[in-house]
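In what follows, a structure is listed as structure tokens, so that the remarks can point back to it.
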Amino acid sequence: MVDECPQTQRLILVFREKQDSERESLSKEPRTILISELESLMEGLGSIEFLGVSKVMSGSSFMNSLGKTMNERGSNSSLVIATDWEFQKQETSMWKGLVSMTVTMESYSLKDGGLVKMGSYSIDSQRIPIRKWGKSKSFKRKNLLRISKKVTQKWSEEEIREFIQSTDT
């Protein structure tokens, strides 16, 4: 009976990957910051059993892949995270450019053998100045870590908790 009518939301975090392998490579470390902060937000939510983190490729087969991943992990709920970032060269007297990041979350549940989108939540886009411009992977990685930290510092923990709980199956 518990399997048919679960009392606990068995949740996995899923990152929506893009086809661009360089972009995905650069996103790995910044995502660990997001994962860590989201895990700590979920710790206080008693109705949620956190099952870990997965990745699913964006595209036409996204829903099928997400459903398959959820079944494999024993999950009845997923929080799909999409990150988008951009570097802009924009010289002023104080900096050489900007890096911005947008994070969106979508909640999905398995119901009656099918996948149902329960809701979405967007975190306010953040940006930070870059004092010294570069083009290397280490330059991008360093600034993506900085912007990820700012995103987690500026997001509303209360709103994210409410979003996660409101999509409870």
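For segment 1-76, a/c is not less than 1.5, where a ≥ b ≥ c are the root eigenvalues of the C-alpha gyration tensor, and a/b does not top b/c. That puts it in the oblate class. Pull out a ≥ b ≥ c, the square roots of the eigenvalues of the alpha-carbon gyration tensor of the chain, then state rounded if a/c is under 1.5, prolate if not and a/b is larger than b/c, and oblate in the remaining case. Cα axes put the chain in the prolate bin.
Restricting segment 45-154 to trypsin sites (Lys or Arg not before Pro) that sit in a DSSP loop and have at most 11 other Cβ atoms within 10 Å of their own Cβ leaves 131, 132, 135. Pairs exceeding 26 Å between alpha-carbon atoms, taken from 117/142; 18/132; 55/142: 117/142; 18/132. Magnitude of the charge dipole for the chain, about its Cα centre and with charges confined to Cβ atoms of Lys, Arg (+1) and Asp, Glu (-1), is about 1340 debye. Loop only per DSSP, at most 14 neighbouring Cβ atoms within 10 Å: give me the GluC sites (Glu not before Pro) in segment 1-92, ordered by residue number. Answer in residue order: 4, 91.
Modelling each spin label as a point 7 Å along the Cα-to-Cβ direction, I'd like the residue 19/residue 116 distance in nm, to one decimal. Between residue 19 and residue 116, the label points sit 3.3 nm apart. Helix 137-154 and the long axis of the chain differ in direction by around 60°, with both axes built from C-alpha atoms. Return the percentage of antiparallel bridges among DSSP beta bridges fully within the chain, rounded to the nearest 5 %. Expressed as a percentage, antiparallel bridges in the chain total about 70.
From helices alone, the chain scores -12500 deg cm²/dmol at 222 nm; the rule is -39500 (n - 2.57) for each run of n ≥ 4 DSSP H residues, then divide by the residue total. The gain in end-to-end length when the residue 62 to residue 128 segment is fully stretched comes to 20.6 nm, 0.36 nm per residue minus the alpha carbon separation. What angle do you read, to the nearest 10 degrees and between 0 and 90, between the alpha-carbon axis of helix 21-43 and the longest principal axis of the chain? On a 0 to 90 degree scale, this one is about 60. The residues 53, 99, 14, 116, when put in order of fewest to most other Cβ atoms within 10 Å, stand as 116, 53, 99, 14. Compute the angle between helix 157-166 and the longest alpha-carbon principal axis of the chain, please, reported from 0 to 90 degrees and rounded to the nearest 10. Tilt of helix 157-166: around 30 degrees.
Each value in this text was obtained by applying a stated rule to the coordinates, not by laboratory testing. Because the structure is predicted, anything quoted here is derived from the model rather than measured. Cβ: placed from backbone, ideal geometry, glycine included. Neighbour counts: every protein chain shown.
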